[in-house]
Amino acid sequence: MAASEGKPAKIAFGHLLRDLDSSLCTQCGTCVAVCPYGSIEIMEEGVSLTGYCGVCGLCYCQCPQFTNVNDDAGKIFGERPGSESIGVYKNAYSGRTNLPEVEKNAQNGGVVTTLLVSLLEDGFIDGAVVTGTGDQPWKPEPKVAISPEEVIRNAGTIYSHSSVVKGLRDVVDNYGRKNLAVVGTPCQVKGLRQLELSDRKADRIGSRVKLIIGLFCMESFPYDNILKIVEEDLGLDISEVSKFEKGEDNLLVHTAAGSESVPLDKLKDYMNSFCNVCLDYSAELADISVGNAGVPAGRNSVITRTEVGEESYRRVVDADRLESSPLSDVDPGIALIEKLSNEKRKERKEEIERRIEEGEPVPPRAKKSEGE
């Protein structure tokens with residue numbers, strides 16, 4: 001029985017492996033975070049069961065690839081109308097940090113880092129889960145930040161995917177924090193929303209999340225492919241890279257010696273397989289969405305979508321930690337965000353339709369939407 005035809009009465013981890021093709025697992029870490037036995041781990045080849053399975057079904061019910069979370073957007077945003085391109089939102093801004101210590105380390109306008117630093121300092125949140133790096137240069141790992149210094153240490157964009165949601169388990173089990181901010185890409189944001197919207201909620205984890213900050217994302221890359229881009233294609237040492245940056249038509253790789261670039265068209269061959277079926281560019285289910293499209297260099301575009309998102313942003317602006325202006329005052333502004341979102345959605349819908357027609361793997365939620 002396929003997932004789209006209904007779930008069995010008792011759901012084991014094996015049902016997750018059976019019904020979701022491994023190439024479509026985003027490795028967001030939601031299943032790892034919610035397993036009450038701590039028996040799920042993310043390996044190089046995907047998620048694996050490393051211990052006892054209590055057949056509770058939480059891993060299956062929380063996986064964002066089984067449910068079209070956007071169908072439940074009304075539960076998040078109320079019955080407010082939204083944009084077909086970028087979802088429901090309250091306001092859109094152009095912002096940049098006013099904090100010198102953030103400006104030195106952050107990507108673009110430093111809005112995300114400044115939000116986290118300021119909200120930690122004034123007690124609005126008591127911890128954050130972000131993406132940082134481990135022992136290997138530029139290899140992403142979820143990091144728990146409970147101080148402004150830890151937030152700044154992990155600032156900057158990493159274009160390889162991280163299992164950021166599994167960091168929630170660490171911060172709940174080992175730090176006991178109750179009001180958390182989590183920063184993630186659209187696929188990770190959907191996992192976070194599943195914690196609160198699923199028929200079988202994981203309140204022990206999900207109830208601790210106070211603020212979800214989503215990052216604009218066209219695609220991400222396996223770490224091994226990042227190494228290929230940097231070391232094989234560009235002939236650089238990954239340990240010497242100081243910053244990655246997306247331009248209009250290329251990926252810039254900065255080192256102390258200068259900058260090299262790779263055309264974005266070439267990067268399609270390197271991106272994660274699950275990115276081919278992702279329709280969300282602007283993290284439509286986040287409380288706040290942040291990117292660098294539509295604004296001048298050195299600034300961020302910011303979309304607030306919920307009450308807590310707007311409150312968080314205004315709180316930091318009012319404290320003079322962020323310089324902010326309406327995105328409508330900027331050219332091309334929100335029009336470019338809508339354009340990029342529409343382009344991604346159109347391209348990925350066509351890919352999903354092709355896969356369904358040719359019998360190739362698609363997310364179970366996509367099969368359900370086709371009435372299978």
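What follows is calculated from the coordinates using simple rules that are stated; it is not laboratory data. Worth saying up front: this structure is predicted, and the values here are computed from it rather than measured. Ideal geometry is used to build each Cβ from the backbone, glycine not excepted, and the neighbour counts take in all protein chains shown.
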Given a Förster distance of 25 angstrom, what is the FRET efficiency for Thr50 paired with Asp203, based on the Cβ-Cβ distance and rounded to 0.05?
0.55
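Arrange Leu236, Leu197 by Cβ neighbour counts within 10 Å, fewest through most, would you?
Working: Leu236 16, Leu197 20.
Ascending Cβ contact count within 10 Å gives the list Leu236, Leu197.
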Would you mind counting up the charge near Gly333? Only other residues with Cβ under 14 Å from its Cβ, with Lys and Arg at +1 and Asp and Glu at -1.
-1
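Segment 28-102: which GluC sites (Glu not before Pro) are DSSP loop and have at most 11 other beta-carbon atoms within 10 angstrom? Don't skip to the answer; put the middle values down first.
Numbers: sites: Glu41, Glu44, Glu45, Glu79, Glu84, Glu101; in loops: Glu44, Glu45, Glu79, Glu84.
Answer in residue order: Glu44, Glu45, Glu79, Glu84.
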Can you tell me the FRET efficiency between Lys104 and Asp224 if r is taken as the Cβ-Cβ distance and R0 is 35 Å, rounded to the nearest 0.05?
0.70
Would you tally the net charge around Glu196, using a Cβ to Cβ cut-off of less than 10 Å, leaving Glu196 out, and scoring K and R as +1, D and E as -1?
+1
Over 20 Å between alpha carbons, listed pairs Lys143/Lys268; Lys166/Lys210; Lys90/Lys178; Lys246/Lys344:
Lys143/Lys268; Lys90/Lys178
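Quick check on the exposure proxy: order Thr157, Thr185 from fewest to most C-beta atoms within 10 angstrom.
Working: Thr157 15, Thr185 24.
Ascending Cβ contact count within 10 Å gives the list Thr157, Thr185.
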Would you mind working out the magnitude of the charge dipole of the chain relative to its Cα centre, with +1 at each Lys and Arg C-beta and -1 at each Asp and Glu C-beta, to the nearest 20 Debye?
1160
Could you give the length gained by full extension between Val262 and Ser83, i.e. 0.36 nm per residue of separation minus their alpha carbon distance, to one decimal place?
61.2 nm
Residues whose modelled amide H sits under 5 Å from the amide H of Ser83, counting only those 5 or more places away in sequence or on another chain, are Val88, Tyr89
Segment 224-267, relative contact order [Cα under 8 Å, separation at least 6], %:
27
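Check each of the trypsin sites (Lys or Arg not before Pro) in segment 258-305 and keep only those in coil by DSSP with at most 15 other C-beta atoms within 10 angstrom; list them in order.
On the way: sites: Lys266, Lys268, Arg299, Arg305; in loops: Lys268, Arg299, Arg305.
Answer in residue order: Lys268.
For every other residue with a beta carbon closer than 11 angstrom to the beta carbon of His254, add +1 if it is Lys or Arg and -1 if Asp or Glu, then tell me the sum. Kindly include the intermediate steps, with their values, before the conclusion.
On the way: positive: Lys243; negative: Glu240, Glu245, Glu260.
Here the charged neighbours net out to -2.
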Of Tyr270, Asn68, Gly184, farthest towards positive along the dipole that unit charges on Lys, Arg, Asp, Glu beta carbons give the chain:
Asn68
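What is the chain's relative contact order, in percent, from Cα pairs under 8 angstrom and six or more apart in sequence?
Details: 726 pairs, mean separation 81.5, N = 372.
That works out to 22 percent.
Taking other Cβ within 10 Å of each residue's Cβ, how do Arg348, Arg355, Arg18 sort, fewest first?
Numbers: Arg348 19, Arg355 16, Arg18 13.
Ranked by crowding around the Cβ, least crowded first: Arg18, Arg355, Arg348.
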Taking a ≥ b ≥ c as the square roots of the Cα gyration tensor eigenvalues, with a/c under 1.5 meaning rounded and otherwise prolate when a/b beats b/c or oblate if not, segment 224-267 comes out oblate
Report the gain in length on full extension from Glu351 to Ala335: 0.36 nm times residue separation, minus Cα-Cα distance, nm rounded to one decimal.
3.3 nm
Gained length - Ser147 relative to Ser325, 0.36 nm times residue gap less alpha-carbon distance
61.3 nm
Would you please classify the overall shape of the chain from the alpha carbon gyration tensor, given that a ≥ b ≥ c denote the square roots of the eigenvalues, rounded means a/c under 1.5, and beyond that prolate means a/b larger than b/c while oblate covers the rest?
rounded
How much of the DSSP beta bridge set in the chain is antiparallel, as a percent to the nearest 5?
75
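Quick one: putting +1 on the C-beta of Lys and Arg, -1 on the C-beta of Asp and Glu, what dipole do you get for segment 224-267 around its Cα centre, in Debye to the nearest 20?
Working: 4 positive and 11 negative charges, 23 e Å.
Here segment 224-267 has a charge dipole of around 100 debye.
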